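Read the structure below first, then the notes.
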Amino acid sequence: VAETIGARHHAWLIFVFLVETGFTILSSGTHRLTAEERNQAILDLKAAGWSELSERDAIYKEFSFHNFNQAFGFMSRVALQAEKMNHHPEWFNVYNKVQITLTSHDCGELTKKDVKLAKFIEKAAASV
């Protein structure tokens, strides 16, 4: 019994330490970008019309389509890919417009998943 209590206390102390030092657990497949990777990704994404949000580490783009059916079809394709990646966009749709924000919520910053999904989104929009 004493060994069990000691092990639980030890685990609790480790947990408290990790929380206090800002340790975050990233979901499977989420990888932070190096400074060089981030700078290159931002340049590439800005060239494609994405912008950085000033209030948090995220990227944003608004897409316009001919009508609601095209916008919804685009969203459906992105949704299927996002589900495969287990990485979901923040988005808003009115008629033919789709606004998308990408960030990795589990670490509060842009990651390789965001860049990969943004590239897929660009291809999906171009094929509509």
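So how do 94, 128 line up by other beta-carbon neighbours within 10 Å, fewest first?
Arranged by neighbour count, lowest to highest, 94, 128 become 94, 128.
Pairwise Cα distances in segment 29-128 exceed 19 Å for 38 percent of all pairs. The packing ranking of peptides 61-72, 44-55, highest mean first, is 61-72, 44-55, where packing means the average number of other beta carbon atoms within 10 angstrom of each residue.
Multiplying the residue separation of residue 105 and residue 123 by 0.36 nm and subtracting their alpha-carbon distance yields 4.1 nm.
Sorted fewest first by neighbouring Cβ atoms within 10 angstrom, 97, 112 come out as 97, 112. Amide H contacts for residue 110 (H built 1.01 Å from N in the peptide plane; partners 5 or more residues away or on another chain; cut-off under 5 Å): 104.
Sorting 42, 100 from the fewest to the most surrounding beta carbons within 10 angstrom yields 42, 100.
Laboratory data are not the source of any read-out in this text; all were calculated from the coordinates shown. From a predicted model like this one, the values you see are computed outputs, not experimental measurements. Methodologically, a virtual Cβ is constructed for each residue, glycine included, from the backbone with ideal geometry; neighbour enumeration extends over all protein chains shown.
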